[in-house]
Amino acid sequence: MAYQPAENRYDNMIYRRVGNSGLKLPAISLGLWHNFGDDKPLETQRAIIHRAFDRGVTHFDLANNYGPPAGSAETNFGRILREDLKSHRDELIISSKAGWDMWPGPYGFGGSRKYLVSSLDQSLKRLGVDYVDVFYHHRPDPETPLEETMYALRDIVASGKALYVGISSYGSELTAEAAEFMAEEGCPLLIHQPSYSIVNRWVEEPGDDGESLLQTAANNGLGVIAFSPLAQGLLTDKYLDGVPEGSRASQGKSLSEGMLSVENIDMVRKLNDIAQERGQSLAQMALAWVLREQGEYGVDTVTSALIGASSVAQLDNSLDALNNLEFTNAEIDAIDEISHDAGINLWAKATESKTREN
Ligand code: NDP
């Protein structure tokens with residue numbers, strides 16, 4: 001039976017405007033970093049994507065190297081798109097990225113025009129689309145002049161192969177420089193994609209220029225889409241009683257068992273108690289927290305929380321976070337008191353490559 005998306009799919013999702021642009025994203029978006037490679041059954045992938053779309057998730061985030069093997073998440077998503085969602089292409093925001101290691105030799109990594117343009121061409125082939133909606137530079141590259149990377153992004157938009165462009169894991173200062181270049185070029189950066197969660201708050205800390213990344217993004221009209229808002233699963237109840245078989249921590253991938261230290265699990269247990277008092281799962285509270293209203297920039301400080309999911313049940317649980325995004329001051333204070341940096345920011349080193357000079 002051909003897939004028929006739910007007719008009421010737009011009824012319950014919240015859509016937020018991305019920075020100063022005219023584009024809106026769902027408050028929760030789905031990323032395909034893990035769980036969509038060739039190591040996972042295609043039918044499970046298909047079920048998760050169908051369910052996401054049925055619940056108003058219009059944004060699917062990919063990168064050239066998602067898999068394993070690298071590239072297979074784009075190929076698998078492209079197949080599901082072709083087989084089930086082709087007639088809905090204009091209802092979807094599909095993103096991809098280049099910046100981390102993709103192929104051997106000097107042209108498969110970094111921020112050169114050579115790498116970005118050829119990688120995007122490969123991504124379009126794997127996805128089976130003429131353009132992506134958003135194309136990102138995946139990480140700052142201190143060996144490439146910022147101008148070269150930004151002008152490559154500008155020319156990619158001009159070529160029609162991406163409608164918008166963004167950056168990921170750039171620090172505050174470099175983000176401001178990049179945003180200025182692109183504004184002058186008449187091709188403003190749409191969005192920044194940083195890691196952000198209750199236990200990884202670098203985006204709130206002032207950079208060398210005295211501004212936090214969240215402030216810099218807002219001041220330059222960029223939206224923010226927060227990746228790993230569940231700290232790869234740490235901010236859920238799944239590790240409270242050990243490491244379940246099949247979980248990310250059991251697979252020797254990006255969530256090492258070292259991140260599940262006694263201190264971290266003790267903290268997660270206390271956070272779980274607060275979530276329960278709120279009538280939410282911990283995953284739901286962690287997502288609501290990322291999306292919460294933040295002083296100066298209000299509810300749009302973070303445009304979207306970019307989650308992963310290995311099952312439809314997880315996805316459903318996470319999407320139900322949208323039923324309660326409100327926090328009392330007492331809850332925010334209690335979360336602040338309990339939480340500490342969990343040492344899970346794997347991208348910190350990339351972010352440290354700051355200005356063109358260093
Ligand atoms: P999350 O922090 O949302 O972690 C997702 C994992 O948490 C799932 O795979 C699952 O673990 C577990 N989980 C999810 N929902 C629930 C739930 N409701 N209850 C219990 N457990 C749950 O995000 P990811 O780390 O997966 O990253 C999300 C996306 O962000 C990526 O797919 C990618 O698109 C983007 N990203 C971007 C990066 C960048 O450099 N720009 C880097 C990293 C990610 P399990 O699999 O064990 O079941």
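Show the residue pairs meeting these rules: Cβ distance below 7 Å; 6+ apart or different chains; first residue within the stretch 56-75 and closer than 19 Å to Ser304 by Cβ and of a type in the set (Gly, Ala, Ser); second residue more than 8 Å from the ligand (Cβ to nearest atom) and not in a loop (DSSP other than H, G, I, E, B).
If the second residue must be more than 8 Å from the ligand (Cβ to nearest atom) and not in a loop (DSSP other than H, G, I, E, B), the pairs left are Gly56/Pro26; Ala63/Ser96.
Among the numbered conditions (1) within 19 Å of Asn20 (Cα to Cα); (2) away from the ligand (no atom under 14 Å from the Cβ), tell me where Thr175 comes up short.
All conditions pass for Thr175, except number (2).
Considering only the stretch 49-74, state which residues are away from the ligand (no atom under 13 Å from the Cβ) and either in contact with a helix residue (DSSP H, G or I) (Cβ under 9 Å, 6 or more places away or on another chain) or at pLDDT below 95 (or both).
If the condition is that a residue be away from the ligand (no atom under 13 Å from the Cβ) and either in contact with a helix residue (DSSP H, G or I) (Cβ under 9 Å, 6 or more places away or on another chain) or at pLDDT below 95 (or both), then His50, Phe53, Arg55, Gly56, Thr58, Gly71, Ser72 are the ones that fit.
Within the stretch 195-210, track down each residue that is within 15 Å of the ligand (Cβ to nearest atom) and without any contact (Cβ under 8 Å) to a residue 60 or more places away in the chain.
Hit for the stretch 195-210 is Val203, nothing else.
Identify all residues within the stretch 309-339 that are more than 15 Å from the ligand (Cβ to nearest atom), surrounded by 12 or more Cβ atoms within 10 Å (Cβ to Cβ) and either among the acidic types (Asp, Glu) or outside any loop (DSSP other than H, G, I, E, B) (or both); write none if there are none.
Glu331, Ile332, Ala334, Ile335, Ile338
Going by the structure shown, is Arg248 basic (Lys, Arg), in contact (Cβ under 8 Å) with a residue 40 or more places away in the chain and within 30 Å of Arg17 (Cα to Cα)?
no
Taking helices (runs of 4 or more DSSP H) that fall entirely within the stretch 128-241, which contain at least 1 residues that are closer than 23 Å to Ile344 by Cα? Show your work before the answer.
On the way: elements: 146-159, 172-184, 213-219.
By residue number, 172-184, 213-219.
Has the stretch 187-197 got any residue that is touching a strand residue (DSSP E or B) at 6+ places or on another chain (Cβ under 8 Å), over 21 Å from Arg17 (Cβ atoms) and of a type outside the set (Asp, Glu)?
Yes, the stretch 187-197 contains at least one residue that is touching a strand residue (DSSP E or B) at 6+ places or on another chain (Cβ under 8 Å), over 21 Å from Arg17 (Cβ atoms) and of a type outside the set (Asp, Glu).
Look at Val132 and say whether it is of a type in the set (Val, Ile, Thr) and within 26 Å of Glu91 (Cβ to Cβ).
In short, yes.
Which count do you get for residues in the stretch 73-125 that are more than 24 Å from Lys40 (Cβ to Cβ), touching a Ser or Thr at 6+ places or on another chain (Cβ under 9 Å) and polar (S, T, N, Q)?
1
Return the residues of the stretch 282-308 that are surrounded by fewer than 20 Cβ atoms within 10 Å (Cβ to Cβ) and either of a type in the set (S, T, N, Q) or part of a helix (DSSP H, G or I) (or both); say none if nothing qualifies. Before the answer, list the steps.
If we filter the stretch 282-308 for residues that are surrounded by fewer than 20 Cβ atoms within 10 Å (Cβ to Cβ), which is where we start, we get 292-300.
Once the filter is applied, which keeps residues that are surrounded by fewer than 20 Cβ atoms within 10 Å (Cβ to Cβ) and either of a type in the set (S, T, N, Q) or part of a helix (DSSP H, G or I) (or both), the stretch 282-308 yields Gln294, Gly295, Glu296, Tyr297.
Ala275 passes all but one of (1) part of a loop (DSSP other than H, G, I, E, B); (2) crowded, with 18+ Cβ neighbours inside 10 Å; (3) at pLDDT 95 or above; which number fails?
The failed condition is (1).
Does the stretch 211-270 hold any residues that are away from the ligand (no atom under 13 Å from the Cβ), over 18 Å from the mean Cα position of the chain (by Cα) and aliphatic (A, V, I, L, M), and which are they?
Passing the criteria: Val262, Ile265, Met267.
Select, from Ser247, Ser261, Ser304, the only residue that is touching a Gly at 6+ places or on another chain (Cβ under 9 Å), within 30 Å of Gly67 (Cβ to Cβ), modelled with pLDDT of 95 or more and hydroxyl-bearing (Ser, Thr, Tyr).
Matching residue, one of Ser247, Ser261, Ser304: Ser304.
From the list Leu282, Leu306, pick out the single residue that is in contact (Cβ under 8 Å) with a residue 12 or more places away in the chain, out of contact with any Phe, Trp or Tyr (no Cβ under 9 Å at 6 or more places or on another chain) and within 13 Å of the ligand (Cβ to nearest atom).
Going through Leu282, Leu306 in turn, just one is in contact (Cβ under 8 Å) with a residue 12 or more places away in the chain, out of contact with any Phe, Trp or Tyr (no Cβ under 9 Å at 6 or more places or on another chain) and within 13 Å of the ligand (Cβ to nearest atom): Leu282.
Do you know which residues across the stretch 19-35 are within 16 Å of the ligand (Cβ to nearest atom) and either touching a Gly at 6+ places or on another chain (Cβ under 7 Å) or not small (Gly, Ala, Ser) (or both)?
Let us first name the residues in the stretch 19-35 that are within 16 Å of the ligand (Cβ to nearest atom), namely 25-35.
Correct list: Leu25, Pro26, Ile28, Leu30, Gly31, Leu32, Trp33, His34, Asn35.
The values are calculated or read from the model by the stated rules, or taken from the named source; none is laboratory data. Because the structure is a prediction, the values reported are computed rather than measured. Neighbour counts run over all protein chains shown; Cβ positions are idealised from the backbone, glycine included.
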